[in-house]
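Novice: Below is one structure. I have some questions about it.
The values are calculated or read from the model by the stated rules, or taken from the named source; none is laboratory data. For clarity, every value in this text was computed on a predicted model and none was experimentally measured. We place every Cβ from the backbone using ideal geometry, glycine too, and count neighbours over all the protein chains shown. Remember, those area values only see protein heavy atoms, side chains included, never the ligands or the DNA or RNA. Shrake-Rupley method; radii C 1.70, N 1.55, O 1.52, S 1.80 Å.
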Amino acid sequence: SDTALQPLDLNIDLTDLERAVRPTARERLVWRGQQLFGWVRDHALDLSVVSVLVAVGVVVHMHGMYDTPGRFDDEGTYTAYAWAVQYEHKLGHYTYWYAHPPLGWMQMAFWNWVTDAFHRAPYAIAADRQLMVISKAVSIVLMYVLALRLRMTRIAAAAAVLMFALSPLAVYFTR
């Protein structure tokens, strides 16, 4: 009836209001840059430590990578699977045996395809050993982050990573 209040019309265009509240693309970019800079500043010591650990781990891993260990059965099998995925578009070069889930050699096939590694490397297994260098670097970073999240000190985290990166057994098996 007549006692009900009528809606108040302020004649506001919501698109103008949204434009006033929403930052521009440039403002968002500047804000994200400030956030990233702040994160890097806050984690500079950890970034420095992990960079040194990655450099040491990669150099040790790559030293003699093509010579030792000698090519062994599993390495050749997985490389053959990667070759079959890339060139024959099948999960394996041999019909009756799939030893492990195929994601690993699919990743190897992708690496070999993107980098043309089978044609670039001195031999086929060396192509996949090159991918393992990247895997080792990523593993070093993840291991350091995990150690810190487990509340280990930086020194303990770095020691754990160095044991992983420099252990002769780990170097052998991560190639």
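Novice: Within region 5-29, how many residues are at pLDDT below 75 and either assigned to a helix (DSSP H, G or I) or among the aliphatic types (A, V, I, L, M) (or both)?
Specialist: 12
Novice: Quick check on region 152-167. Is at least one of its residues surrounded by 11 or more Cβ atoms within 10 Å (Cβ to Cβ), among the charged types (D, E, K, R) and touching a residue at least 24 places away in the same chain (Cβ under 8 Å)?
Specialist: Restricting attention to region 152-167, the residues satisfying the condition of being surrounded by 11 or more Cβ atoms within 10 Å (Cβ to Cβ) are 152, 154, 156-167.
Narrowing the set further to residues that are among the charged types (D, E, K, R) leaves 154.
Keeping just the survivors that are touching a residue at least 24 places away in the same chain (Cβ under 8 Å) gives 154.
Yes, region 152-167 contains a residue that is surrounded by 11 or more Cβ atoms within 10 Å (Cβ to Cβ), among the charged types (D, E, K, R) and touching a residue at least 24 places away in the same chain (Cβ under 8 Å).
Novice: Residues that are touching a Ser or Thr at 6+ places or on another chain (Cβ under 7 Å), of a type in the set (A, V, I, L, M) and either buried (at least 17 other Cβ atoms within 10 Å of the Cβ) or part of a loop (DSSP other than H, G, I, E, B) (or both): does region 131-140 have at least one? Quick ask: steps written out before the conclusion?
Specialist: The first filter runs over region 131-140 and keeps only residues touching a Ser or Thr at 6+ places or on another chain (Cβ under 7 Å), leaving 132, 136.
Retained after the next criterion (residues that are of a type in the set (A, V, I, L, M)): 132.
Filter once more, keeping what is either buried (at least 17 other Cβ atoms within 10 Å of the Cβ) or part of a loop (DSSP other than H, G, I, E, B) (or both): 132.
Within region 131-140, one or more residues are touching a Ser or Thr at 6+ places or on another chain (Cβ under 7 Å), of a type in the set (A, V, I, L, M) and either buried (at least 17 other Cβ atoms within 10 Å of the Cβ) or part of a loop (DSSP other than H, G, I, E, B) (or both).
Novice: Still on this structure, please answer the following. Counting only residues that are part of a helix (DSSP H, G or I) and among the acidic types (Asp, Glu), which one in region 77-130 is most open to solvent (accessible area, probe 1.4 Å)? It would help to see each step written out before you state the result.
Specialist: Our first condition is that a residue be part of a helix (DSSP H, G or I); within region 77-130, this holds for 77-88, 103-115, 117-120, 124-130.
Okay, now just the ones that are also among the acidic types (Asp, Glu), so 88, 128.
Working: 88: 75, 128: 8 Å².
Once the filter is applied, the top-ranked residue is 88.
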